[in-house]
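Chemist: Would you mind keeping the following structure in view while I ask a few things?
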Amino acid sequence: MMRAEIALMNKQRWAAPPDRPTELSNIELRYGSVVRILVEMGFRGSTSEHTFNDYIKSLRKLGLPVSSKTAPRKGHAIIYSFENVMDLVLAFLLRVYNGVPDAVLRQLVEARPELHRLYWLAYRDRCSGLGSPFRIGKGDGSFEIAGVFLDLKLNHAGGRLVGFGPPVALSPMEAFARFAQSDITSRAFLPMRLSELCERVAGLARQEMMNRRADG
C-alpha cells in the first residue's frame with residue numbers, strides 16, 4: 001500500500017463526522033415494515049413467523065434497536081428509523097446457533113452512536129471516498145471490490161466475549177488485507193460489507209414507505 005493512499009484513507013476516515021444523508025433522515029417505518037425488510041433480506045429463514053417475531057421482541061428488552069419506554073411514536077405505534085433497522089440487521093448477522101449472546105448485544109447497544117455514524121459514512125461512500133473501488137489481480141482473473149466495510153473487532157469464544165470494538169470503517173483495500181491476513185482461530189467475525197447492507201436496507205425501506213402511502 002502506497003503512503004499517499006494510506007494518508008488519503010486516514011483523512012477520509014477521521015474527517016468531521018458525516019451529516020446524516022437526507023434520504024436516510026426521511027425513513028420512518030412501522031414494526032410490520034421492519035419485519036418485512038428483515039424477511040426479504042433472508043433473516044427469517046425457515047423459522048416460523050411467531051418465533052421470528054418473538055425473537056425481535058426479545059431483542060427490544062435489551063434496548064435493541066430501541067427501548068419501548070423511550071422509542072419515538074406516532075400514536076401508539078413505535079416509529080423505526082434507518083439506523084434502527086441497521087442495528088437489527090447487524091444483530092442478525094452476528095447470530096450463532098440462531099441467537100446472539102447477551103454480552104454481544106449489550107456491546108452493540110453501547111456502540112450505537114459510533115455505529116450510526118459509520119452507517120451514514122458507509123451509505124455516503126458506497127461508491128467513492130473511503131469506499132472507492134479497489135481492483136485485485138490482472139487480466140481476466142481480476143475483480144473489483146467497492147464500498148465501506150465494518151470491522152466490529154469482535155471475538156466471542158468459549159461461551160464468553162473476549163473482545164469488542166471500537167468499531168471501525170475499512171476501505172476495500174483494508175478489508176481485503178484483513179480477510180487475507182486474519183488468524184481464523186482468533187477472529188471468527190470478519191469485516192462486513194456495510195455499504196451494501198446500508199444500500200439494501202435504504203432501498204427496501206423506501207419501497208415500504210411507498211407501499212404504505214399507496215395503501216392510504
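Chemist: Limited to the stretch 98-119, what total is found for residues that are open to solvent by less than 60 Å² (accessible area, probe 1.4 Å) and either farther than 17 Å from Asn155 by Cα or touching a Pro at 6+ places or on another chain (Cβ under 8 Å) (or both)?
Modeler: 7
Chemist: Cβ contacts < 7 Å: first residue free of Cβ contacts under 8 Å to residues at least 12 places away in the same chain and under 26 Å from Ala122 (Cα atoms), restricted to the stretch 68-87; second residue of a type in the set (A, V, I, L, M) and in a strand (DSSP E or B), any location; separation 6+ or different chain. Result?
Modeler: Ala71/Ile78
Chemist: What are the pairs, 6+ residues apart or on separate chains, where a residue within the stretch 167-181 that is within 12 Å of Pro133 (Cα to Cα) has its Cβ under 8 Å from a residue that is surrounded by fewer than 19 Cβ atoms within 10 Å (Cβ to Cβ) and among the acidic types (Asp, Glu)?
Modeler: Hits for this filter: Met173/Glu5.
Chemist: Further question: Considering only the stretch 1-113, give the helices (runs of 4 or more DSSP H) lying wholly within it that have at least 3 residues that are touching an Asp or Glu at 6+ places or on another chain (Cβ under 8 Å) and modelled with pLDDT of 80 or more.
Modeler: In the stretch 1-113, 31-40 are the helices (runs of 4 or more DSSP H) which contain 3 or more residues that are touching an Asp or Glu at 6+ places or on another chain (Cβ under 8 Å) and modelled with pLDDT of 80 or more.
Chemist: Does Glu144 satisfy the condition of being in contact with a Phe, Trp or Tyr (Cβ under 8 Å, 6 or more places away or on another chain) and among the acidic types (Asp, Glu)?
Modeler: Taking the combined requirement at face value, the residue satisfies it.
Chemist: Tell me, yes or no, whether the stretch 147-167 has at least one residue that is under 15 Å from the mean Cα position of the chain (by Cα), surrounded by fewer than 21 Cβ atoms within 10 Å (Cβ to Cβ), at pLDDT 90 or above and not in a loop (DSSP other than H, G, I, E, B).
Modeler: So far as the stretch 147-167 goes, no, none of its residues is under 15 Å from the mean Cα position of the chain (by Cα), surrounded by fewer than 21 Cβ atoms within 10 Å (Cβ to Cβ), at pLDDT 90 or above and not in a loop (DSSP other than H, G, I, E, B).
Chemist: Please specify each residue of the stretch 101-122 satisfying the condition of being in contact (Cβ under 8 Å) with a residue 40 or more places away in the chain and acidic (Asp, Glu).
Modeler: Residues satisfying the conditions are Asp102, Glu114.
The values are calculated or read from the model by the stated rules, or taken from the named source; none is laboratory data. Here the structure is a predicted model, which is why all the values come from computation and not from measurement. Heads up, the Cβs are rebuilt from the backbone with ideal geometry, glycines too, and the neighbour counts pull from every protein chain shown. Just the protein is used for accessible areas: all its heavy atoms, side chains included, with ligands, DNA and RNA removed. Shrake-Rupley method; radii C 1.70, N 1.55, O 1.52, S 1.80 Å.
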